[in-house]
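Down below is the structure, laid out as structure tokens.
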Amino acid sequence: MSWQPINLAVCPCCGFDVARIAPASDGFRVICDMERGGCGAEGGSAKTEPGAVGLWNNDYPSPGAVALTNAALKRVWCWQR
Ligand SMILES: [Zn+2]
């Protein structure tokens with residue numbers, strides 16, 4: 001498995017670009033790094049780092065996303081608004 005550069009989207013909760021990958025109990029998840037000014041939002045956990053990144057980056061509304069349910073869209077949990 002080769003490492004690929006990962007582009008993390010800005011946080012959908014606070015808009016800062018300080019997200020990083022963190023270990024989760026069952027794999028990895030992307031979090032908005034509070035130590036760098038982020039809000040601490042958490043993305044969904046996945047077994048692989050790219051999987052966690054996908055969950056984080058996919059939280060953005062897109063023209064095709066209207067067909068998805070709200071539950072499917074909610075991949076990032078915001079602690080504050
Ligand atoms: Zn944030």
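Summing Lys, Arg as +1 and Asp, Glu as -1, what charge do residues with Cβ under 14 Å from the Cβ of VAL18 carry, VAL18 excluded?
Combined, the nearby Lys, Arg, Asp and Glu give -2.
Quick one: net charge around ALA46, please, counting Lys, Arg +1 and Asp, Glu -1 for every other residue with C-beta under 13 Å from its C-beta.
Local charge sum for ALA46: 0.
For ARG36, what charge total do you get from the other residues with a beta carbon under 12 Å from its beta carbon, if Lys and Arg give +1 and Asp and Glu give -1?
Numbers: positive: ARG20; negative: ASP17, ASP33, GLU35.
Charge balance near ARG36 sits at -2.
Please list, in order along the stretch 16-33, the HN-Hα scalar couplings obtained from phi with the Karplus expression 6.51 cos²θ - 1.76 cosθ + 1.60 (θ = phi - 60°), rounded to whole Hz, x for Gly and Pro.
With the stated coefficients, the stretch 16-33 comes to 7, 9, 10, 5, 8, 8, 10, x, 10, 4, 10, x, 9, 8, 9, 10, 8, 5 Hz.
What does the extension gain come out to for THR48 and ASP17, with contour length at 0.36 nm per residue minus their alpha carbon separation?
9.0 nm
Laboratory data are not the source of any read-out in this text; all were calculated from the coordinates shown. Quantities reported herein were computed from a predicted structural model and do not represent experimental measurements. Counting neighbours? That spans all protein chains shown, and the Cβs are built from the backbone with ideal geometry, glycine included.
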